[in-house]
Every structure is written in structure tokens, then in C-alpha cells.
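Here the structure comes first, spelled out in C-alpha cells, and everything after it is commentary.
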Amino acid sequence: MRVRILASGSGGNLSLYEHDGFALLVDAGVDPGGLASRLRSVGADYTRPDALVVTHGHADHCAHARAYAEGAGIPTYMTDATMRVVRPASARHVFRYSAKEPFRVGPFEVRPCAVPHDVPQVALRIESDDGCAALIATDLGEVPAELRALLAGVQLAMIESNHDKHLLEIGPYPRFLKRRVGGPRGHLNNDQCAELLRNLPASVETVVLMHLSEKNNRPEVALDCAAEALSDRSTTLLAAKQYDRQLFDLVPRGREGATLAAPDVARVEAIARAIAAPSKRRAIEPPNPAQLALKL
């Protein structure tokens with residue numbers, strides 16, 4: 001399975017999961033034209049994904065969902081709560097999924113997990129038919145036990161590390177917004193993310209810190225906190241910026257572990273040196289009615 005992180009942050013979110021010629025897009029914070037441009041820039045041989053799963057109804061995740069479903073004709077999966085925000089004009093390419101039930105999309109099993117946010121939101125565990133698995137969890141104020149369980153067997157964990165508590169406190173946001181971001185239905189701070197990382201299952205080989213605030217966090221601060229939490233294990237650690245183009249190739253268990261594609265090796269080595277420096281702390285099948293709720 002190949003995973004591409006193409007956008008991560010309040011300016012828009014977009015990630016792709018590819019296996020056996022099938023491309024699954026998660027979130028629609030970037031328009032179809034922007035996706036096509038990003039794919040061309042990383043040498044992909046296509047510009048149109050085969051399906052889209054939207055996590056929740058905030059604009060940086062769902063703003064262009066209608067354009068993908070109605071304009072591009074891409075099968076698009078949303079919860080009822082997200083549909084009420086997106087309000088698709090046509091039911092032709094739009095399908096409901098439940099936050100409590102796994103469902104199939106092409107060669108992938110998608111397992112959602114409801115997480116606390118100020119609109120209904122899900123983390124997603126995405127597993128390909130050959131057993132490779134990745135988890136993406138952003139936009140959550142706290143870590144529920146169900147999310148910890150969902151990490152079992154995952155090779156790539158993309159976890160929110162949105163803000164530093166001190167930087168949020170002294171930052172430019174008005175007081176009400178600081179309370180929202182830092183509250184139990186807001187976003188994970190660096191310390192909360194680190195606490196989750198301290199108890200990762202052994203299967204996790206690569207961690208990417210996601211959805212970093214440009215005003216209330218800094219990549220080096222988030223990486224430093226996470227590196228300390230992971231200091232007793234050999235785990236590749238990265239931080240996604242707003243419009244990074246990171247690529248990961250996961251391979252099935254029993255072979256060599258998950259690896260980064262060659263274009264990212266130099267960046268990984270540079271981050272590893274920084275962390276180690278003395279100044280640092282450590283074609284789609286129709287939806288299965290048995291697995292999906294009824295089509296609109």
C-alpha cells in the first residue's frame with residue numbers, strides 16, 4: 001500500500017491510499033484541480049481518485065466534497081452528520097457510512113472510530129487486501145480508548161499534534177477560540193499526542209505528526225516532544241507541513257518493514273540528525289448493502 005500526504009492543516013487536508021491500481025482519497029480540503037497538480041508534481045500516472053471518504057464537516061476537510069462527487073463523479077462516502085453540512089445536490093455518487101461499522105471501498109477495509117470534536121468526527125484505519133494498514137487521526141480533543149485499540153497492527157500512524165499549550169496561550173487567537181482549540185472537543189496538543197505515542201503497539205514503524213497549527217505550534221517543538229515519547233524505540237518520526245508531499249510505501253508483514261520512498265530519505269535523515277543533536281530532547285465495486293447504510 002502506498003500512502004501520500006498531500007495537505008495537512010487548517011488550510012486544507014488531503015491524503016491518498018493506493019493499492020492494486022486503486023486510489024482512495026481521504027478528505028476534500030483541496031479542490032480537484034489542486035489534487036491533480038499535486039499528483040503531477042510527485043509523478044503519479046493519474047489525476048482522478050477512484051473514491052473519496054470524508055471524515056467530518058469542517059471546511060478544511062469537506063469544502064470540495066461536492067465538487068468531487070458531483071463535478072468529477074467520484075463515489076463519495078460521508079456520515080449523516082457530514083452530509084448535513086455538505087448538502088449534496090445529487091444522490092448519484094454519494095453514500096452513507098456509519099461511524100460504528102467498518103466498510104469496504106475497492107481493495108480497502110475502512111474502519112472508522114468516532115473521536116471527540118465539536119462536530120461529529122472519525123479517525124480512520126485503512127487496511128489493504130495484503131494486510132498493510134495505516135491510521136489517520138486528526139481533529140480530536142481527547143484520545144478515546146477505542147482509538148488506542150484501532151492502532152493494533154498499524155504500520156503508519158498519522159496523529160494530530162496541533163498545538164503547544166504555551167504557544168496557544170500566548171498566541172493571537174481570541175480567548176473563546178483558545179478555549180475551543182484547547183478543550184476536550186478541540187484539537188490534540190503536543191503533550192496529548194506524546195502520551196498516545198508512549199503506548200504505541202510494536203507494529204507502528206512510522207509516525208507522522210499531523211494538522212500542526214501555523215500560529216500555535218512549530219514543527220521542531222512538536223517533533224521534540226514526540227521524540228522524547230518515542231526515545232525507547234526505533235520509530236521513524238516526521239511532521240507534516242500544510243502542503244508537504246510525503247510518500248510512504250508499506251509492505252505486508254513477513255517482508256521488510258514499512259519504508260519511505262526515496263524522495264523523502266534526505267528529509268528523514270535531516271530530521272533524525274536534528275532530533276539527535278545535543279540541544280534537543282529526545283475501479284470501485286458497488287457499495288455492499290450489508291456493510292454500508294442505504295444510498296441517499
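The values are calculated or read from the model by the stated rules, or taken from the named source; none is laboratory data. In this text, all values refer to a predicted model and were calculated from it rather than measured experimentally. We place every Cβ from the backbone using ideal geometry, glycine too, and count neighbours over all the protein chains shown.
Whether a residue is small (Gly, Ala, Ser), within 21 Å of Leu140 (Cα to Cα), at pLDDT 90 or above and more than 16 Å from the chain's Cα centre (by Cα) was assessed, and Ala222 passes this test. For first residues located in segment 224-249 and closer than 16 Å to Val3 by Cβ, partners that are in a helix (DSSP H, G or I) and among the acidic types (Asp, Glu) and lie 6+ apart or on another chain with Cβ distances below 7 Å form the pairs Gln246/Asp264; Leu247/Asp264. Residues that are small (Gly, Ala, Ser) and surrounded by 19 or more Cβ atoms within 10 Å (Cβ to Cβ) within segment 183-233 comprise Gly186, Ala194, Ser213, Ala222, Ala226, Ala227, Ala229, listed in sequence order. Do we find a residue being part of a loop (DSSP other than H, G, I, E, B) and under 24 Å from His211 (Cα atoms) anywhere in segment 65-80? Yes, segment 65-80 contains a residue that is part of a loop (DSSP other than H, G, I, E, B) and under 24 Å from His211 (Cα atoms). Could you identify the single residue in Ala44, Ala51 that is closer than 22 Å to Ile126 by Cβ, of a type in the set (Gly, Ala, Ser) and in contact with a Phe, Trp or Tyr (Cβ under 9 Å, 6 or more places away or on another chain)? After applying the criteria, what remains is Ala51.
Screening Ile170 with (1) out of contact with any Lys or Arg (no Cβ under 7 Å at 6 or more places or on another chain); (2) closer than 23 Å to Val204 by Cα; (3) surrounded by fewer than 22 Cβ atoms within 10 Å (Cβ to Cβ); (4) aliphatic (A, V, I, L, M) gives one miss only, at (2). Summed over segment 25-56, residues that are closer than 25 Å to Arg84 by Cβ and not in a helix (DSSP H, G or I) total 14.
Return the residue satisfying two criteria in turn: it lies in segment 1-24 and is assigned to a loop (DSSP other than H, G, I, E, B) and hydroxyl-bearing (Ser, Thr, Tyr), and of such residues it is farthest from Asp118 (Cα to Cα). The qualifying residue farthest from Asp118 (Cα to Cα) is Ser8.
Conditions tested, residue by residue: (1) surrounded by fewer than 16 Cβ atoms within 10 Å (Cβ to Cβ); (2) part of a loop (DSSP other than H, G, I, E, B).
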| site | (1), (2) |
| --- | --- |
| Ile126 | no, no |
| Val143 | no, yes |
| Glu146 | yes, no |
| Val154 | no, yes |
| Ile159 | no, no |
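Contact map, segment 101-117: residues that are assigned to a loop (DSSP other than H, G, I, E, B) paired with residues that are modelled with pLDDT of 95 or more and of a type in the set (Ser, Thr, Tyr), Cβ distance under 8 Å, separation 6+ or inter-chain. Pairs shown: Pro107/Ser128.
Might you let me know whether segment 21-40 holds any residue that is in contact with a Cys (Cβ under 9 Å, 6 or more places away or on another chain) and among the aliphatic types (A, V, I, L, M)? For segment 21-40, residues in contact with a Cys (Cβ under 9 Å, 6 or more places away or on another chain) and among the aliphatic types (A, V, I, L, M): present.
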